[in-house]
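Every number here is computed from the coordinates shown, using simple stated rules; none is lab data. This one's a predicted model, so the numbers in the text were calculated from it and none came from an experiment. FYI the Cβ positions are ideal-geometry reconstructions off the backbone, even for glycines, and counts take in every protein chain you see.
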Amino acid sequence: MFQLAGCNSDDDANPKSQNAQLLTATPWSHAVVTHTTDGDLSDQYENFAISFIRKAENGYEGTFIISNGGYAFPENTGKWKFHDDNLGKIVFDSGRQIQYDVHAETLHLDFNVAAPGGRTNGLSGHFVFDLIPL
């Protein structure tokens, strides 16, 4: 008697690997953006896109690339990792921490942007991005 093994390795079955696979499977775009103070800012992020690339190196899961990030995402590229064992949070190499929830057809990002000084509405505060595959 023999048993056929599936294509997935044990590593692919753990939640961290599953989340990494979902994050890196596609570029994410078509942003619906909510800001605590200013409400719906989706029109300011019509051309927003974020891609996560998986290439573990120096304690990071991989790299990311952002297009048209506006005030919410001043970084264009960098490295990302999961926040320790908290699979509900991503950390960029800039120090930014983002709560997230990912499924095959949706990516939800929830984070705060510190006030840069001066006018702050729309530039800082609490942002929520709901994205779908590009």
- Choose one of Pro74, His126, Ser29: the residue whose Cα lies farthest towards the positive end of the charge dipole of the stretch 24-133 (beta-carbon charges +1 Lys, Arg; -1 Asp, Glu; about the Cα centre). Pro74
- Residue by residue, what Karplus-based ³J(HN,Hα) values in Hz, rounded to whole numbers, does the stretch 60-77 have, using 6.51, -1.76 and 1.60 with θ = phi - 60° and x for Gly and Pro? 9, 6, x, 10, 9, 10, 10, 10, 6, x, x, 6, 6, 10, x, 7, 8, 7
- Which value in deg cm²/dmol, rounded to the nearest 500, describes the helix-derived mean residue ellipticity at 222 nm for the chain, given -39,500 (n - 2.57) per DSSP H run of n ≥ 4 and division by the residue count? -2500 deg cm²/dmol
- Quick one: Karplus J couplings for the stretch 103-108, per residue in order, coefficients 6.51, -1.76, 1.60, θ = phi - 60°, nearest Hz, x for Gly and Pro? 9, 4, 10, 8, 9, 10
- Item | Among Pro116, Pro74, Pro15, residue whose mean-square fluctuation peaks in a GNM of the chain (springs only between Cα atoms under 10 Å) | Pro116
- Note on the structure: If every Lys and Arg gets +1 and every Asp and Glu gets -1 at its Cβ, then about the Cα centre the stretch 24-133 yields a dipole, in debye to the nearest 20, of 340 debye
- For the stretch 54-134, which GluC sites (Glu not before Pro) are both in a DSSP coil and crowded by at most 14 other Cβ atoms within 10 Å? Glu75, Glu105
- Per-residue HN-Hα couplings for the stretch 42-52 [Karplus 6.51, -1.76, 1.60; θ = phi - 60°; Hz; x = Gly/Pro]: 3, 5, 7, 10, 4, 9, 5, 8, 9, 10, 10
- Using the Kirkwood radius over Cα pairs of the chain, the Stokes-Einstein translational diffusion coefficient at 37 °C and 0.692 mPa s, in µm²/s and rounded to a whole number, is 208 µm²/s
- Query: Taking the chain as a Gaussian network, where each spring joins two C-alpha atoms under 10 Å apart, which residue of Asp101, Asp110, Asp38 fluctuates the most?
  - Reply: Asp38
- Note on the structure: Once both label points are put 7 Å beyond Cα along the C-beta direction, the Ala115-Asp93 separation in nm becomes 3.1 nm
- Enter the angle in degrees (range 0 to 90, nearest 10) between the Cα long axis of helix 15-24 and the first principal axis of the Cα atoms of the chain, meaning the one along which they spread out most. 60 degrees
